[in-house]
Number of protein chains: 2
Amino acid sequence: MSASWVPEGELPGFGIDHLPFGVFGPARHIGVAIEDHILDLTEGASDGLIDDPGGELGATELNPLMAAGPIRWASLRERVTEILVDESHRDRVTLVKRQGAQLHLPWRVADYVDFYSSLEHATNLGRMFRPDGEPLLPNWRHLPVAYHGRSGTVVVSGTEIRRPKGQTRPGQPGETPPFGPSRRLDIEAEVGFVVGVGSEIGTSVSPDAFSEHVFGVCLVNDWSARDIQAWEYVPLGPFLGKSFATSVAGWITPLAALPGARTTPPPQHPPPLDYLRDDEPWGLDLALEVRLNGTLISSPPFGEIYWTPGQQLAQMTINGASLSTGDLYASGTVSGNEPHQRGSLIELTWNGETSLTLENGEERTFLEDGDEVVISATAPSNSGDRIALGEVRGVIVP
Amino acid sequence: MSASWVPEGELPGFGIDHLPFGVFGPARHIGVAIEDHILDLTEGASDGLIDDPGGELGATELNPLMAAGPIRWASLRERVTEILVDESHRDRVTLVKRQGAQLHLPWRVADYVDFYSSLEHATNLGRMFRPDGEPLLPNWRHLPVAYHGRSGTVVVSGTEIRRPKGQTRPGQPGETPPFGPSRRLDIEAEVGFVVGVGSEIGTSVSPDAFSEHVFGVCLVNDWSARDIQAWEYVPLGPFLGKSFATSVAGWITPLAALPGARTTPPPQHPPPLDYLRDDEPWGLDLALEVRLNGTLISSPPFGEIYWTPGQQLAQMTINGASLSTGDLYASGTVSGNEPHQRGSLIELTWNGETSLTLENGEERTFLEDGDEVVISATAPSNSGDRIALGEVRGVIVP
């Protein structure tokens, strides 16, 4: 791959082989990250440097571009690459420094679905909460379990996270439930998939149509108040324990940047039903890292996740549910086999029984006010280097 | 209240004391139902007959009007009433026949939350599924339990409902799950509340702010595939068993039409926590009726529902979750004390153990292809008459 004329950035992973999309600045222009800069696509289109027949680059969110489909995505990526490689464009484009540029939520979220697709995560939670039973429930190996989250509280990386209040389980049955700020505030390190092209109600999407529908990938922190969740969640599942905020990265990595990261997902036993057969699976070798106040506390391997994003797409639509432009679906907490690969504090501290020691000597079971969590990830790029997915960052405020 | 110059309709309940909002016709104009007609507000605004400084009536969905807030809603209702009472406007307005007019989904749904707020419904399901335990789970009397549904598959009354496919529970543990069209397709008769004015993330809304946020009320049929739901729903709650379709009425009844229907909700034991105290509760005496192929099969009384819509609003936001214009939240199945007041087939047939006999002699446990379900409701109006909420209708297709 040819090099870009844009100077190499201080941090690696945002080269010409990546080109993630975001929405930046006070005017909410659409941009592509390149090294330490943002190429302003909205300006590029209005200057006639980039074809924009559908006007998608004049929008203040990515939804119209996402809806335009894979052919448009490919031609835009090709043109942007051309501009960034051919030095003759240097004086004709608008480049903005990434540092200091405000990033907005890049797209308007339609529905948000959260899966539960890591075998290790589901097993760990099963061991903690049903110590006498089988850790996995009977349905888990037959279908990717999921629920709908709150799309209206999906926020962009950097947004402060206010500690939620709520009821928690009374000490004794029949007592008044305690009420107050959550004392067991947790993270969930996840990978999200952003739907570009929708589907019709009454039809189903097969796993191999993944790349026709999905625009890109972003890191997700599905903040969770474990104490609120434990009291409210029967029988209809998580609600207020999750709905106060879900953070997503400000940069969406297009699928076109990820072929080099494709990997074979783990074997599935028993074999899934036909509608979940994924013959060319998009297993993705994304190496996640979770930092709490600067200390690396976990390194979850997305490549080991059991259910593929193509299978998740098929599951979500097998009942005829439609997809909409802007739908977000996330993997669920990514946890690996090793203790240091667990993607939530409840697993890392085994339900608060042990604590983590940070580099400054402080101990943590769950999050304290002022704590900062950063989830990042790298992946093999098409050129053999590594790309860095946009990080997702959040600080807890009281 | 003065009478309208519009001739009395064939069916009662759409008089000058009602004035529900809808979106109709090929051009998706905003209209108000009056007797057998629709008053075209979009035309009225463009003709200068109705003030529309914010341009809300030029939209093709109700969201901008909903976002404009209670003062705008009140002044618009006042002006529409004036026009429909003062005969001098007769030749200046556009009236369209309701019969034959196409109704669209009246607003763009943001998040959809489904509660579980009928004591009788929760008790009935508890008795069926946990015959040896307490029918109500320990949290039920302390908080209105809810989950997020799929907003992208909310459809307007009249939309055909395609029978969903999916996995169901294997006969023996360890066997391959059966896969195919749902055999236990059910209805849930519910009342929905449509949020007009949103709220900020990190803040909570108190029950007495109900009428500052909620634009109106509509009937809801939360179609449910009981067999799909029974296999998938642990541990994260209902997903594909519900997400294939949720039908809502084409007419939204504004809160201003409902003061005459306000009633005292049932007493709550134990008394709820302070944040759920609803001193001026919007208990609503809505008399629902459910018809299956023309046979009245249930008459659920919304006035008996345990948790009020103000308490539901407070619960939904107590953790700091924001409200957005277009949010829909529904009551959950409305069931009364008497067997003929149960709002779902699973309750009416006690999990399929008994069957219903329709007027044509056919028997039903769950829905067959071709079946038509109509949910309607009336309520005392401000003038002492009764208004008829817009019905929600759907036919099952294979």
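The values are calculated or read from the model by the stated rules, or taken from the named source; none is laboratory data. None of the values given here were measured: they were computed from a predicted structure. Glycine gets a Cβ as well: all are built from the backbone with ideal geometry, and neighbour counts include every protein chain shown. Surface areas here come from the heavy atoms of the whole protein model, side chains and all, with no ligands, DNA or RNA. Shrake-Rupley method; radii C 1.70, N 1.55, O 1.52, S 1.80 Å.
Odds and ends about this structure:
- Here B:Arg226, B:Arg150, B:Arg169 are screened, and the one residue that is modelled with pLDDT of 95 or more, more than 12 Å from chain A (Cβ to nearest Cβ) and more than 30 Å from B:Glu280 (Cα to Cα) is B:Arg226.
- Some residue of segment A:305-312 being hydrophobic (A, V, I, L, M, F, W, C), within 14 Å of chain B (Cβ to nearest Cβ) and either open to solvent by less than 10 Å² (accessible area, probe 1.4 Å) or closer than 29 Å to A:Val109 by Cα (or both): yes
- Test: residue in segment A:198-212 that is closer than 23 Å to A:Pro254 by Cα, of a type in the set (A, V, I, L, M, F, W, C) and outside any loop (DSSP other than H, G, I, E, B): yes
- When A:Gly370, A:Gly336, A:Gly352, A:Gly326 are screened for being under 19 Å from A:Tyr116 (Cα atoms) and part of a loop (DSSP other than H, G, I, E, B), only A:Gly336 passes.
- Number of positions in segment B:36-54 that are without any contact (Cβ under 8 Å) to a residue 40 or more places away in the chain and part of a loop (DSSP other than H, G, I, E, B): 6
Every residue, every condition in (1) under 28 Å from B:Phe129 (Cα atoms); (2) surrounded by fewer than 24 Cβ atoms within 10 Å (Cβ to Cβ); (3) among the hydroxyl-bearing types (Ser, Thr, Tyr), yes or no:
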position	(1), (2), (3)
B:Pro259	no, yes, no
B:Thr263	no, yes, yes
B:His269	yes, yes, no
B:Asn293	no, yes, no
B:Met316	yes, no, no
B:Leu323	no, no, no
B:Gln341	yes, yes, no
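- Residue within segment A:88-102 that is open to solvent by less than 10 Å² (accessible area, probe 1.4 Å) and β-branched (Val, Ile, Thr) present: no
- Subset of segment B:104-129 [assigned to a helix (DSSP H, G or I) and of a type in the set (Gly, Ala, Ser)]: B:Ala122, B:Gly126
- Total residues in segment B:125-140, condition more than 10 Å from every other protein chain (Cβ to nearest Cβ) and open to solvent by less than 80 Å² (accessible area, probe 1.4 Å): 4
- Taking segment A:172-198 as the range and being under 30 Å from A:Gln311 (Cβ atoms), more than 10 Å from chain B (Cβ to nearest Cβ) and open to solvent by 20 Å² or more (accessible area, probe 1.4 Å) as the test, only A:Val197 passes.
- Residue match in segment A:204-211 (condition: among the aliphatic types (A, V, I, L, M) and within 14 Å of chain B (Cβ to nearest Cβ)): yes
- Selection status of B:Glu280, in contact with an Asp or Glu (Cβ under 8 Å, 6 or more places away or on another chain) and farther than 26 Å from B:Phe14 by Cα: yes
- Condition met for B:Gly158 (at pLDDT below 95, open to solvent by less than 80 Å² (accessible area, probe 1.4 Å) and part of a loop (DSSP other than H, G, I, E, B)): no
- If you check B:Ala3, B:Ala45, B:Ala67 for being surrounded by fewer than 20 Cβ atoms within 10 Å (Cβ to Cβ), among the hydrophobic types (A, V, I, L, M, F, W, C) and more than 20 Å from B:Asp385 (Cα to Cα), only one passes: B:Ala67.
- Residue tally, condition in contact (Cβ under 8 Å) with a residue 60 or more places away in the chain and either closer than 17 Å to A:Glu160 by Cα or facing chain B (nearest Cβ under 7 Å) (or both), over segment A:229-240: 5
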